[in-house]
1. Select the helices (runs of 4 or more DSSP H) contained entirely in the range A:26-141, then report the ones holding at least 2 residues which are within 13 Å of chain B (Cβ to nearest Cβ) and at pLDDT below 90.
2. Name the residue, out of A:VAL298, A:VAL351, A:VAL314, that is among the β-branched types (Val, Ile, Thr), in contact with a strand residue (DSSP E or B) (Cβ under 8 Å, 6 or more places away or on another chain) and assigned to a loop (DSSP other than H, G, I, E, B).
3. Of all residues being among the charged types (D, E, K, R) and assigned to a helix (DSSP H, G or I) in the range B:175-201, which is least open to solvent (accessible area, probe 1.4 Å)? Just the residue, please.
4. When the residues of the range B:202-224 are narrowed to those that are under 22 Å from B:LEU274 (Cα atoms) and polar (S, T, N, Q), which ends up most open to solvent (accessible area, probe 1.4 Å)?
5. Do we have any residue at all in the range A:170-188 that's over 30 Å from A:VAL99 (Cα atoms), open to solvent by 20 Å² or more (accessible area, probe 1.4 Å) and within 20 Å of the chain's Cα centre (by Cα)?
6. Just to verify a result, which residue in the range A:130-145, among those that are without any contact (Cβ under 8 Å) to a residue 12 or more places away in the chain and in contact with a helix residue (DSSP H, G or I) (Cβ under 9 Å, 6 or more places away or on another chain), is most open to solvent (accessible area, probe 1.4 Å)?
7. Pairs only if they're at least six apart or on different chains, beta carbon under 7 angstrom, first in the range B:264-280 and of a type in the set (S, T, N, Q), second modelled with pLDDT of 80 or more and open to solvent by 10 Å² or more (accessible area, probe 1.4 Å); list them, first residue then second.
8. Give me a count of the residues in the range B:85-124 that are open to solvent by 40 Å² or more (accessible area, probe 1.4 Å) and either among the polar types (S, T, N, Q) or closer than 30 Å to B:PRO275 by Cα (or both).
Amino acid sequence: MGKKKFRLLASAVITVFLFTAVLAGCGANDQTAGSDTSVQSNSSGAQTTVQTSAQTAEKIKLKYFGVRNIPDQEGLVTQMLEEKFNFDIEIMGAPDDQVKTKLNLLLASGDMPDILPVWNIENVRKSGVASFGEDKLKEYMPGIYSYINSVSTNIGRDTSVVWNTCTDEKGVINQIPQTWETGMNPRPVIWRKDMLDVLGKQVPTTIQEMADVFKAYKEKWPDKYPIAGGGKDCLWQCFSEVLYSCGVDNFSWNIINNKIVNGAIQPEVKEVIGILRDWVKAGYISPTWITMTDAEKVNEWNNGNSICINWMNVTFTEPPYEVNSAVDNCAKLNPNATFALGATPVLHEGVKPYSFGWNTFTGTIGFGKHLENEPEKLKRFMEFTDALYSDPELNMLINGGVQDQHWKVNADGMFERMPGASTDDELKVLNIGYYNQNVPANGEYYKSILMSKRLSDLRNEWYTGKLSKDNIKWGFDPVNWGTLTNSNGEDLYKLYKTAFDKKRDEVFASIVSGEKPLDEFDNLVKYYNENGGADMDEAANRLYLKLYVK
Amino acid sequence: MIKKRSAGERIFDFGNIIFMGLFCISIIFPFWQQMIMSISTPEEAMKNSLHLYTTNINLKSYLRIFQTGQIAKAYFWTILRSIIGTFITLITSLMLAYPLSKKYLPLRNFWTGLLVFTMFFGGGLIPSYLLIRNLQMIDTIWALVLPGALGAFNVIIIRNFFMSLPVSMEESARIDGAGEFRILLQIIMPLSLPVMATVGLWSIVGHWNSWFDAIIYITSNKITVIQLVLRKVLLENQMGFSGINSLMLDMQDEQAREFTPESVKAAILMISTLPILCIYPFLQKYFVKGIMIGSLKG
């Protein structure tokens, strides 16, 4: 056989061999699919037999998925939890913006964690988490069950409706709502009282009074701007101190006359956008507002340029200030500054300003789907999660560490971190603040000790008075964040809403900046009506009935 | 005799210098601006204006970044993966490119076509993850260096370079009794420094800038890469200033005054690009030659 023929034959044999190997690899069953945690326990040498008796606690592996701050693997908190619950904890996680990708990847590869945040990730909600039902929920997680019910009642939602949003396709509960109670509080406007005093003005209660303050401000400080807006990062929170005065939120669904309507096309919004446009012309708002980041807007306040800012919560305006509040940060750079709280100014008498609130139920927590085949493990993990919420010592451990070693109760009755457990890196080494991410509201005891009596009293005074929570019911975040589908099941966000939202933002920005006349708003309304507006309204109302009405 | 330059040539040179000068400024200026912002005081950094110089140098942004606990570990792993990954890339690319450059290789067109096919089609993220997991490379440095070790584009560049080398050199070596490996190592490789420098530089830059593979394949905190840490610092600082509450983000009071998200962003840019910029001058002479030579057809 010639050399050339030999080479040809050898190449052909190698080619066939390689193809066979590739096909064999593709066809092989995956024996190491990670859905079976007992296999993983095998590889680490731990005992894998799971006793059915609830009283026997064999050491088992727990794959715990957290977000944002992925800690070091062997921190003190992890070690203490492992010892207490007889777990071998493997920490997993991803940065916030990669959580969806990571969880989808783990779902597809059969490597789902045992405890994980679900976060409205559709695939994970549908097929990634175990269904356990209300009976198991009441039995293994009584603390969390009772808490979620109390929060629901507090915000006027039927408890069964809340739990209905945490079920699988058969209606069996498979998730725990995560909560953010402070997000439901109406937002105050913080004013620079010292600047108001220089101008001879009081804290404005109406839009006209606000305009008068700004006019006086420009006469006194012509090179600065009294109000800033982070148009680049947060268009929908821009100038909320002014926008909300009309009683409607132009960036979300609202309830008006017992119907859900799209705030962006309401006539009230046209009026208030016109006011902002006039203020840009008058020089009260920087013409670069649309390119400003949220950080730049906050820095305008911190550096003493802005005379007012919309803030998340009622906070102290007298020292000692709440650490890292808007007042605190501004006071650091402006030691002579004084402050006052105010409500969103009123545009028309008799019209309550809108008050923005986050969805109280911000996401959900779940347990890996594979645990349906391992009821004993599911039980232990559910009890573990409930204990992190309900047990005072454990709750404080995961949030603050060990009392008098990592945190203490200060003279003001508030939670205070101690040296060695206060910076982000120190907390990460200790694993403090990691496990609380899969606990509703970070847990009962931590919440209670986070706020001093002084702050609690102040907030009660405002939230039952000038910043009544009644106003906040106007904003329907669950509808905003929910999926809108038409009667054919088509996703209206894909069909219409995304395009409309983009147009809404463009129209808002162009009118306020002065690029387009105010009448451009009417074109937006026309666009909405001609492009699925009726379908979106119907879907939003249907979703509202589902979420809020039994 | 020195030829006198005509008026037209002088005008052209003048215009050329102006144009190229402006062009260079347009490239250098953004980098200069970020460098100045990174060492500016918070008040200067927040101004919406040109940042040509600073009167008060403030290095707190760099301090904030380097105080991040994982920065040293991130640098270590990133440098390690860059070195190992580049070495493996060069070795494997050379070893594949060399036989493909031989016209007498049986089924040469088939192998080349198979290689080119991988440039357009891939298995996707999930199959890649499953493969890495089944090979038990999760949470190891091999998950960061092996998946992208052999790039079709690199192989083609090197192959074309090999094809441009005179065949007579190999023939004379063969006559002297050299085998294929000896020819590759002692004759071809020393002549291939330009293309190796080019491919090596691309590989180093690719490893230096990678972060997504670390998120996917590394689940624990034992291994981390610099871009991931810098990204986290950037996001943390933006969140801290916008008032979005995170109970983990307890900044020391004095820190809140000494830097801003903008200056931290600029400092991150400096930290992530300067090390690579320091390598470029050493490879410059190979880079220009290598990138063009690889484009020649054999």
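1. Once the helices (runs of 4 or more DSSP H) in the range A:26-141 are filtered for at least 2 residues that are within 13 Å of chain B (Cβ to nearest Cβ) and at pLDDT below 90, what remains is A:37-44, A:99-108.
2. Working: A:VAL298 fails: assigned to a loop (DSSP other than H, G, I, E, B); A:VAL351 fails: in contact with a strand residue (DSSP E or B) (Cβ under 8 Å, 6 or more places away or on another chain).
Checking each option against the conditions leaves just A:VAL314.
3. Among residues in the range B:175-201 that are among the charged types (D, E, K, R) and assigned to a helix (DSSP H, G or I), the one least open to solvent (accessible area, probe 1.4 Å) is B:GLU180.
4. Ranking the candidates gives B:ASN209 first.
5. Within the range A:170-188, the subset over 30 Å from A:VAL99 (Cα atoms) is A:188.
If we keep only those that are open to solvent by 20 Å² or more (accessible area, probe 1.4 Å) as well, we get none.
No, every residue in the range A:170-188 fails to be over 30 Å from A:VAL99 (Cα atoms), open to solvent by 20 Å² or more (accessible area, probe 1.4 Å) and within 20 Å of the chain's Cα centre (by Cα).
6. Going through the qualifying residues, I end up with A:GLU139.
7. B:SER272/B:GLN227
8. 7
The values are calculated or read from the model by the stated rules, or taken from the named source; none is laboratory data. Note that the structure is a prediction, hence the values are computed from the model and not measured. When we count neighbours, we look across all protein chains shown, and the Cβ atoms used for this are built from the backbone with ideal geometry, even at glycine. The area values use the complete protein model at the heavy-atom level, side chains included, leaving out ligands, DNA and RNA. Shrake-Rupley method; radii C 1.70, N 1.55, O 1.52, S 1.80 Å.
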